[in-house]
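Q: Have a look at this one before I ask anything.
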Amino acid sequence: MPLPWPRNVFHSYLRRWNLFSGQEVPQDEFLDWVEEHVVIQRHQLQSVKVAAGKRGSVTGFTGAIAYALDRKAQANEDFYRLFFTLGRLAPYCSTGHKTTFGLGETVTGWHLKQATVDMPSTQTVLAERMDELTTLFKAQRKRQGGDRAQATAEKWATVLARRELGDSLLDIAADMDMPYETVKTYSKLARRALKDT
């Protein structure tokens with residue numbers, strides 16, 4: 001879900017807290033408390049599709065969000081303090097998935113400047129091109145149903161779109177965790193399929 005829903009966001013931070021702090025907190029109890037007491041005070045968000053990882057592109061969000069607690073939240077002092085502690089930990093954890101690909105940058109405080117920042121144009125262009133090519137390649141498949149046609153179309157689209165932007169086959173192979181020869185073959189097949197349209 002490409003939205004910063006409080007339970008999902010704090011689940012991620014708590015998981016890291018429990019792994020590294022040496023002060024483990026009961027996960028389900030805290031997340032139930034978050035669900036009951038944390039509210040979204042204000043937000044300025046937009047969903048954006050960006051290129052990342054093996055699957056080609058992912059949909060995420062950019063912008064700013066402010067969480068607040070209701071009045072009853074202070075009844076559990078430990079969770080109340082943990083909420084603010086995890087908020088201060090957030091910039092070190094990042095938010096969401098694909099953080100190893102540079103997604104999920106998190107800054108504390110309300111930053112209107114960041115709420116209106118657009119994604120880098122290269123990322124946007126790449127994601128749009130990959131979507132376009134995926135649709136095209138899937139339409140050319142004889143059997144379009146099932147996951148295999150979609151997965152193949154996405155791989156070809158990722159390889160070709162990145163090649164069009166100047167990425168080397170070696171870099172693409174490393175990023176997609178695939179053998180160089182496979183990526184080279186996908187590149188040839190994708191170019192041939194594009195010419196056939």
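Q: How high is the relative contact order of the chain, in percent, with contacts defined as C-alpha pairs under 8 Å that are six or more residues apart?
A: Values: 240 pairs, mean separation 35.8, N = 197.
Relative contact order comes out at 18 percent.
Q: So, counting K/R as plus one and D/E as minus one, what does the shell of residues with Cβ under 9 Å around Leu160 add up to? Display every interim value, and only then the final one.
A: Details: positive: Arg129, Arg162, Arg163, Arg191; negative: Glu164.
So the surrounding residues net to +3.
Q: Sticking with this one: What are the membrane-span-like helices in the chain by this rule: whole DSSP H runs, Cα extent along the axis at least 20 Å, mean Kyte-Doolittle hydropathy at least 0.0? Spell out each step's value before the answer.
A: Details: long enough: 6-20 (21 Å, -0.73); 77-93 (24 Å, 0.16); 121-140 (29 Å, -0.28); 146-164 (28 Å, -0.90); 180-195 (23 Å, -0.85).
Helices meeting the criterion: 77-93.
Q: Does segment 121-195 classify as rounded, prolate or oblate by the C-alpha gyration tensor (a ≥ b ≥ c root eigenvalues; a/c under 1.5 gives rounded; else a/b over b/c gives prolate, otherwise oblate)? Walk me through the intermediate numbers first.
A: Details: a/c = 1.72, a/b = 1.26, b/c = 1.36.
Oblate.
Q: What is the total of Lys pairs in the chain with C-alpha atoms under 18 Å apart, excluding same-chain pairs fewer than 8 positions apart?
A: 16
Q: Moving to a separate point now. What does the net charge come to around Glu35 if you take all other residues with beta carbon closer than 15 Å to its beta carbon, with K and R at +1 and D and E at -1? Before the final figure, lay out each step's value.
A: Numbers: positive: Arg7, Lys72; negative: Asp28, Glu29, Asp32, Glu36, Asp70.
Taking every Cβ under 15 Å from that of Glu35, the sum is -3.
Q: If you don't mind, another one. Test of understanding: what is the full-extension gain from Gln150 to Gln44, defined as 0.36 nm times their sequence separation minus their Cα-Cα distance? The partial results should precede the final answer.
A: Values: separation 106, 0.36 × 106 = 38.16 nm, distance 3.29 nm.
The Gln150-Gln44 span can extend by a further 34.9 nm.
Q: Shifting gears a bit: Between Phe61 and Thr185, what is the spin-label point distance in nm, taking each point 7 Å from the Cα along the Cα→C-beta axis?
A: It works out to 4.2 nm between the two label points.
Q: If you split all Cα-Cα distances of the chain into 10 Å bins from zero, what percentages do you get per bin, shortest first?
A: 8, 29, 25, 20, 14, 4, 0
Q: For a quick check: sort Phe83, Phe61 by the number of other beta carbons within 10 angstrom, fewest at the front.
A: Numbers: Phe83 21, Phe61 16.
Going from least to most buried by this count: Phe61, Phe83.
No lab work stands behind these numbers, since they all come straight from the coordinates. Note that the coordinates shown come from a computational prediction; the quantities given were computed from them, not determined experimentally. Ideal geometry is used to build each Cβ from the backbone, glycine not excepted, and the neighbour counts take in all protein chains shown.
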